[in-house]
Each structure stands twice: as C-alpha cells, then as structure tokens.
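First up is the structure itself, then whatever we jot down about it.
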Amino acid sequence: MEASTPTAPRPAAAAHGDETIVRCRDVHKSFGAIQAVRGASFDINRGECFGLLGPNGAGKSTIISLIYGAASRGGGDLTVFGLDPATRSRRIKERLGVVTQDNALDEDMGVRSNMMMYARCLGIPRRERRARVDALLEEMALLHRADATIKALSGGMQRRLVFVRALLGRPDLLILDEPTTGLDPAVRLLLWEKVREMKRRGVTLLLTTHYMDEAERLCDRLVIMDQGAIRAGGSPRNLIREHCPGMVAHFDPDPDLRRQLLDTAEADASLHFGEDSAGLYIRAPDLHCLDLLIRRLGLNPGMIRPANLEDVFLAITGKELSADA
C-alpha cells in the first residue's frame, strides 16, 4: 500500500477475475493544519470483508466519509463501484448500507414504523415495504418486538435494528462502523454470523472495530492506520506471521519480574518483552522456546497463547486499541 511513509506496503493487487469495489490511491485529506489521511492506498474486492483498524484519530472515520461522499478529498484517486464519490455520491449511496456507530433511531416510534419510514426514504415501493421490513426483523430476531417502541428495546436489540436499517436497501457494499461496541458476547456472536452470511451472499463489507478478535475472525484483509497513514496491510494470518510470530506468556505486573524479562529479551534477539494494561508479557518464536524460557527462569505465567492481531497492532502503532478508538 502506497503511503506517505517509506515503510508502508503497496496495495495488494486484486486476484484475477476479482472486481474491485473500492479503489483508493494516494488519497489525502486535511482539516486545516491537521492531515487526517496521508497517502492512503488500498483496494476492496467484491465479496470480501475488509478491515480498517487504528487508534483514535488514525483517519478511519475520514476515509469512510470520503467513500460515501460526506467529505471531499484533498488529493489522490478514489472510486466506489467505479464512480467518484466527490461527484457521484447519490448513485453510490443507492448501493451502500451503513451500520453507524450511533444508533440514531427515533426512540418514540415503534420498531416496524421506524423501519417503514426508512424504507420509504430509500424509495422502496409501497407494496414491498412491509414484507421487506418484516423479513429483516425476523432475520435479526426482532419480529416479536415489531410493535414496541425503540426506547423499550435493549442495547443489543437496538444494534440489531441498525443492521436491519442498513440492509433495507439490499446494499452491495455494507460499511460496519464499530458494529458491536458495548454488546454482550452472545449478541456479538449473532452479529458475526450475520456478517458471514452477508459475505456468503456476495455482499462486500468494510469493517472498523476496536475488537481485535472480531477483526481477526471476520476480515479477509485489513490495513492498520496510525496518524493518517497506512502502516501495514494484508490478511490477519500474514500480518501475524510477518510482525509477531510465536507464542506469548503473560504475567502480573511486578518490578523485579519486569527487569528480569527485559534483561532476558535484550540478551536474546529472538525474544520480545512488552507490557500492556494487563501486565507484562514475553514472546518467543514457538512453544518449545517459550517453555524452555519459563522453566529456566522458574516463571509462572498467568496465560500462554499464540500471538494474535492485538500483538501486531501494538507492535506497529505502539498503542493498545481501546474502546474509544
């Protein structure tokens, strides 16, 4: 992926026969002296789930705004469905659905009447509206609450209703902007399955999330942004293999142990020591090496796990991805 930094990878080429839904090349966007996006380049291909990850202020929301024409870019080339969102945003929005961060539902209206209003705004023919709304409510396990008011729904139900709203227009591209923030694990799993089902139907998905396990499970490819620039990109598995391979042992915070682990990592280039909000950790190339290290130092880790996308994110940005990202 081309970016303003020399270390950023070039955009991955689309596989032969794949249709590029979003094509972004050297895109820039500034707000006064602030460079929100600096030379972003990537492709999103038909039927894939593509992730935009980054800490707060990385430029993710700005890129989403550029894609559906809510903001105009300062430079570079951007097309969605082969159209320029700067001049053809209305045509693009006809094929686009958005699961917004904020629910933005009329809390005094009923569930079905709320969705019927949106269906009318989308230009869905009157004779089709009720059937399409009820089919999606049933799909999201909400049909039994069709006559309830929005404010009578739980937070999880409201998020599922936002999915219904986004799918009413049968979009070819669905933008999922922090779709499962604050939801309990059961609702998150339900929505993950809906995302996979949409992929199976051929819908293209653009996902932003602060849950690394969500990105790792759902995304075919992703880019990691920081300070407006794309720092790395690829499949979750390839990013882990390239940046943080191996096994990780976690420990509770302890000053003496910190010094011991840091000295050990400095003496052995194959080891990596770090610390995060949960405590201390050390990463070794494989489980055998980690086991030998633990035995030699007489350590008692609280958890041992394979390296994951969160390790990659921390290694690239130097930050943990928190809920306000």
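Going by what's in this entry, would residue 259 be described as over 16 Å from the mean Cα position of the chain (by Cα) and open to solvent by 70 Å² or more (accessible area, probe 1.4 Å)? Break it down into steps so the answer makes sense when it comes.
On the way: over 16 Å from the mean Cα position of the chain (by Cα): yes; open to solvent by 70 Å² or more (accessible area, probe 1.4 Å): yes.
Yes, satisfied.
Residues in the range 27-55 that are in a strand (DSSP E or B) and small (Gly, Ala, Ser) were compared, and the one that is surrounded by the most Cβ atoms within 10 Å (Cβ to Cβ) is 40. Close contacts from the range 153-170, counting a first residue that is aliphatic (A, V, I, L, M) and a second that is modelled with pLDDT under 95 and part of a loop (DSSP other than H, G, I, E, B), with Cβ to Cβ under 6 Å and a gap of 6+ residues or different chains, come to 162/103; 164/140; 168/122.
Every listed requirement among (1) open to solvent by 10 Å² or more (accessible area, probe 1.4 Å); (2) more than 18 Å from the chain's Cα centre (by Cα); (3) under 27 Å from residue 70 (Cα atoms) is met by residue 160 save one, (2).
Residues checked against (1) open to solvent by 10 Å² or more (accessible area, probe 1.4 Å); (2) more than 27 Å from residue 183 (Cα to Cα):
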| site | (1), (2) |
| --- | --- |
| 200 | yes, no |
| 223 | no, no |
| 226 | yes, no |
| 229 | no, yes |
| 232 | no, yes |
| 241 | yes, yes |
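Here residue 77 clears all of (1) at pLDDT below 95; (2) more than 24 Å from residue 218 (Cβ to Cβ); (3) surrounded by fewer than 17 Cβ atoms within 10 Å (Cβ to Cβ); (4) of a type outside the set (A, V, I, L, M) except the condition numbered (1). Scanning the range 80-131 for residues that are in contact with an Asp or Glu (Cβ under 9 Å, 6 or more places away or on another chain), in a strand (DSSP E or B) and either open to solvent by 50 Å² or more (accessible area, probe 1.4 Å) or hydrophobic (A, V, I, L, M, F, W, C) (or both) yields 96, 98, 99.
Picking from residues in the range 132-157 that are hydrophobic (A, V, I, L, M, F, W, C) and within 11 Å of residue 168 (Cα to Cα), the one that is surrounded by the most Cβ atoms within 10 Å (Cβ to Cβ) is 133.
The values are calculated or read from the model by the stated rules, or taken from the named source; none is laboratory data. All values reported here derive from a predicted model rather than from experimental measurement. Note that each Cβ is placed from the backbone with ideal geometry, even for glycine, and that neighbours are counted across all protein chains shown. These area figures cover heavy atoms from the full protein model, side chains too; ligands, DNA and RNA do not enter into them. Shrake-Rupley method; radii C 1.70, N 1.55, O 1.52, S 1.80 Å.
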